[in-house]
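Heads up, the thing below is written out as structure tokens.
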Amino acid sequence: MSAVLSLRDVTFRREGKQILHGVDFTVSAGEHWVMLGPNGAGKSTVLSFCGAVTHPTTGTVHVLGRQLGRVELQALRRSIGHVNPRHPLRSPLTVREVVLTGITGTVETPARWRPTPSQFSRTEELIDLMGLKGMADERWPTLSQGERGRTLIARALASDIQLLLLDEPSTGLDVAAREQLLDTLDLLHTTHPGLASVLVTHHLEELPSQTTHALLLAEGRVVAAGPTHAVLTSENVSAAFQYSIRVEHHDGRWSARARR
């Protein structure tokens, strides 16, 4: 499978402080990665490389076959979907209007822009796919956090993206809303089989069952990277979080608790 994302010996310094140390991993088309680690591990910095937002201090980052530093970033970002529960929308747009901003790559609806019939039809299909049928005219301020999350996934998919980034999408969700969101993410394995994704979280319980690979970070270094069952072991997770943790996998889902 072709590489959608590749980091090779990546380091990053900010204000004289070393944030990342020699990070290496590769995401191929159709793979669904999770990035795990304690606060301050460097997850947000790595995600900013994945989203073609930040350049490394040293090392190389290839996103969709293009090397950062040798490509126009704005054009590259149009092929990357980003789901952030802290979406900075201020206007009371409808669900439909929010999804349409995924086509324009904006937060607000651009003045005088109108979708084509095919774009409008695609938007309606995504709204239904995300379990929001009948809610297309509901306004952003009235939505629950779970409904907002699914709206943002539809927004990300509105463009012809090859890479989907999810930055702690379960933040603020109750158990039912979290499970509904995870079911929605698992759908992408079938509806968008070539799409690659990277999900950032602190909690193994928030991994979709279709997660194929994992990257464990601690203090800016890779503890382990590769297929989930090889990476998400009690030993690796305990090393990353510097605490004795028992990791279990049951019915396609992961869990973690302190070892007594």
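Here are the numbers:
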{"item": "Within segment 220-254, tally of residues that are in contact with a His (Cβ under 8 Å, 6 or more places away or on another chain) and farther than 14 Å from F25 by Cα", "result": "3"}
{"item": "Qualifying residue in segment 192-210 (condition: more than 28 Å from F25 (Cβ to Cβ), in a helix (DSSP H, G or I) and either of a type in the set (S, T, Y) or free of Cβ contacts under 8 Å to residues at least 40 places away in the same chain (or both))", "result": "no"}
{"item": "Selection from segment 130-164 of residues that are within 27 Å of S2 (Cα to Cα) and of a type outside the set (D, E, K, R)", "result": "L152, I153, A154, A156, L157, A158, S159, I161, Q162, L163, L164"}
{"item": "Candidates H82, H55, filtered to the one that is without any contact (Cβ under 8 Å) to a residue 24 or more places away in the chain and touching a Leu at 6+ places or on another chain (Cβ under 6 Å)", "result": "H55"}
{"item": "Total residues in segment 2-49, condition at negative phi and exposed (fewer than 14 other Cβ atoms within 10 Å of the Cβ)", "result": "7"}
{"item": "Within segment 127-185, considering residues that are more than 18 Å from S79 (Cβ to Cβ), hydroxyl-bearing (S, T, Y) and within 19 Å of the chain's Cα centre (by Cα), the one surrounded by the most Cβ atoms within 10 Å (Cβ to Cβ)", "result": "T151"}
{"item": "Some residue of segment 35-53 being over 30 Å from I245 (Cβ atoms), at pLDDT below 95 and not small (G, A, S)", "result": "yes"}
{"item": "Single condition A218 does not satisfy, out of (1) within 15 Å of the chain's Cα centre (by Cα); (2) surrounded by fewer than 24 Cβ atoms within 10 Å (Cβ to Cβ); (3) within 23 Å of L20 (Cα to Cα)", "result": "(1)"}
{"item": "Criterion (closer than 27 Å to V10 by Cβ and exposed (fewer than 14 other Cβ atoms within 10 Å of the Cβ)) met by exactly one of A52, A111, A75", "result": "A75"}
{"item": "Failed item, numbered, when D186 is tested on (1) assigned to a loop (DSSP other than H, G, I, E, B); (2) among the acidic types (D, E); (3) modelled with pLDDT of 90 or more", "result": "(1)"}
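Yes/no matrix, rows are residues, columns are (1) assigned by TED's automatic domain parsing to the domain that holds R8; (2) closer than 17 Å to I127 by Cβ; (3) among the aliphatic types (A, V, I, L, M):
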site: G65; (1), (2), (3): yes, no, no
site: R70; (1), (2), (3): yes, no, no
site: L89; (1), (2), (3): no, yes, yes
site: V95; (1), (2), (3): no, yes, yes
site: G102; (1), (2), (3): no, yes, no
site: R112; (1), (2), (3): no, no, no
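The values are calculated or read from the model by the stated rules, or taken from the named source; none is laboratory data. Only a predicted model underlies this, so the values are computations on that prediction, with no experimental measurement involved. Note that we place each Cβ from the backbone using ideal geometry, even for glycine, and neighbour counts take in every protein chain shown.
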